[in-house]
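Worksheet for the structure shown next.
The values are calculated or read from the model by the stated rules, or taken from the named source; none is laboratory data. None of the values given here were measured: they were computed from a predicted structure. All Cβ positions, glycine included, derive from the backbone under ideal geometry; neighbour counts span all protein chains shown.
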Amino acid sequence: MNEHQSPFAIADTIARNLLPLLFAIGFVVLGSLPYQIPMLGPVFPTMTLVVVYFWSICRPELLPPAAVFLVGFFQDVLSGAPLGLSSFVLLLVQWLAVHQRRVFIGKAFWISWAGFGLIAIGAAIVSWGIASIYHGTLVAAGAVFTQLLITIAIYPAISWMFSAAEKIIPHHE
């Protein structure tokens, strides 16, 4: 940051750099709200997966692993999932996305979307498997599959929103 910037300019830069984390926290809260729509809870899209994937490819420095871990932990606390499950899955998604960034950067959108779909399938399988082991029985896969399809289907809209937000975040060289 420039030493001649006003406190407001510094605060603005900090706030803009926190946007990915704020999106993640906001989506955790949205996913935990008690909607009065029958059966929505089990199939509500995994928005944090979209957040972690998108920002890990676009600007990984804005969503460090510690932040991803805390978002996952917060998600588990609010959702009642086994503590650490979301953190593990989100960190796995982040690791995969960061290490495959070169495949997606500068390519057509559908390539990024297909990559998200593949990673989301893997994340759903891992989550389902760990939850089944934790509960000592096979968790019903129908809701997981429906949630997966909805999450993949909304990726373009959320990605578009994040792309717009990314344009207002300063790049540090």
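Some points to look at:
- Cross-chain or 6+ apart pairs with Cβ under 6 Å, the range 106-118 first and within 18 Å of L49 (Cβ to Cβ), then surrounded by 16 or more Cβ atoms within 10 Å (Cβ to Cβ) and modelled with pLDDT under 95: S112/F104; G115/F104
- Qualifying residue in the range 29-39 (condition: modelled with pLDDT under 90, hydroxyl-bearing (S, T, Y), assigned to a loop (DSSP other than H, G, I, E, B) and more than 14 Å from the chain's Cα centre (by Cα)): yes
- Output for the range 4-29, where each listed residue is within 17 Å of I168 (Cα to Cα) and not aliphatic (A, V, I, L, M): F8, D12, T13, R16, N17, P20, F23
- Hits in the range 125-147 (condition: under 20 Å from A97 (Cβ atoms) and either in contact (Cβ under 8 Å) with a residue 60 or more places away in the chain or not in a helix (DSSP H, G or I) (or both)): Q147
- Enumeration of residues in the range 59-97 that are under 11 Å from the mean Cα position of the chain (by Cα) and among the β-branched types (V, I, T): V68, V71, V89, V93
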